[in-house]
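To start, the structure under review is shown below, and the notes come after it.
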Ligand SMILES: *[C@@H]1O[C@H](CO)[C@@H](O)[C@H](O)[C@H]1NC(C)=O
Ligand SMILES: *[C@@H]1O[C@H](CO)[C@@H](O)[C@H](O)[C@H]1NC(C)=O
């Protein structure tokens, strides 16, 4: 339902060519809540803009990079990205990668989808492209100027807090996120690569960063399980981090039966480095199922890593989150004024639509 609405909004925006006529949602932003294709004609590139229904103050920005042969739509559906954007009141940007020859930079809604899966099928992420030269991908150094342009666009066209820009990405997008952790510390504060590794070579460490990475121990496509912990360790050293173990060694926390995380929680300026592994997980986002139904079901104990990445980013958000500081003393007094407590009908779009199982009576 939410995705259908987003797809509809995207199509309306695509048809109108511009969202200028629509009412301002927040200071400095001319796009209404929902997901919009935003072109940057000067550099022949485009991205999806995920706008929350309500904004936190001093809005953080999260960049999300899709994998090789998938699309921003697929990554959005796979990771519940826009759901988290709404929940936190942050702004999201999901850039489109390019085909090998760089010919689809302004390809619109369907830029990265296969020809037999357009519009609704594309925006719901129901089908992947073949992994051939026409598939969208990230090319590390070659895509660096696109990231600079995106952050510049956000500075000029929105009211984000430029000190709170975070990045995540899956697979090839995770590889790219690792590249950015090494080379874009001047633009981005924290990085959460998923199922994609890139060794921390020749890193620019002039800006302190935070980092949390994850890979399944049975990854059958990115094979990140063999190197991703070394990458995290290198970054922890490059950024002078220490863990809470003897002589600053990292501590490993068993987060659940299937996910554990190794933590360096003392880096300069409140930064952290952390690396998580989900036992037996193949090339998927821990705690999530692919929108094209190609994931095997997994134990419910797998860490929901999209949620976890936002929680880690929140450590650097200085309270820029919806409902920070609530309930207030006044709200608690109202709650305690009667029994049962008064129910709430505000922010219905965020309240859990928990469906109680229907009771059956054994006879
Ligand atoms: C690449 O894959 C797409 C489908 O995803 C297909 O339409 C196209 O013909 C393929 N191109 C080549 C050169 O194989
Ligand atoms: C954190 O937010 C408070 C307001 O809630 C502000 O006074 C303070 O300057 C902020 N700190 C930083 C480092 O931005």
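Couple of notes before you dig in:
- Taking other C-beta atoms within 10 angstrom as a stand-in for reagent exposure, 226, 211 fall in the order 226, 211, fewest first.
- Considering only beta bridges that DSSP places wholly inside segment 2-314, some 50 percent are antiparallel.
- Beta bridges by DSSP in segment 157-309, antiparallel share as percent, to the nearest 5: 45
- Descending Cα extents along the principal axes, segment 2-314, whole Å: 61, 40, 35
- In a fully extended conformation the segment linking residue 223 and residue 269 would gain 13.3 nm over its present Cα-Cα distance, using 0.36 nm per residue.
- Taking other C-beta atoms within 10 Å as the exposure proxy, 213, 145, 206, 314 rank 206, 145, 314, 213 from fewest upward.
- When each of the peptides 156-163, 238-245 is scored by the mean number of other C-beta atoms lying within 10 Å of its residues, the order from highest to lowest reads 238-245, 156-163.
- Relative contact order for segment 2-314: 14 percent, from Cα pairs under 8 Å spaced at least 6 residues apart, divided by residue count.
- Per-residue ellipticity at 222 nm from helix content only, as computed over the chain with -39500 (n - 2.57) for each DSSP H run of at least four residues, stands at -7000 deg cm²/dmol.
- The ranking of 83, 152 from fewest to most other beta carbons within 10 Å of each one's beta carbon is 152, 83.
- Selected from 92, 325, 169 as most flexible by GNM, with the chain as the system and alpha-carbon contacts under 10 Å: 325
- Between residue 240 and residue 141, the C-beta separation translates, for a Förster distance of 41 Å, into a calculated FRET efficiency of about 0.95.
- Fluctuation leader among 64, 107, 196 - the chain, Gaussian network, Cα springs under 10 angstrom: 107
Bear in mind these aren't lab numbers, they're just calculated from the coordinates by the rules spelled out. Given the structure is predicted, the values throughout are model-derived calculations rather than measurements. Cβ coordinates were reconstructed from backbone atoms using ideal geometry, including for glycine residues, and neighbour counts include every protein chain displayed.
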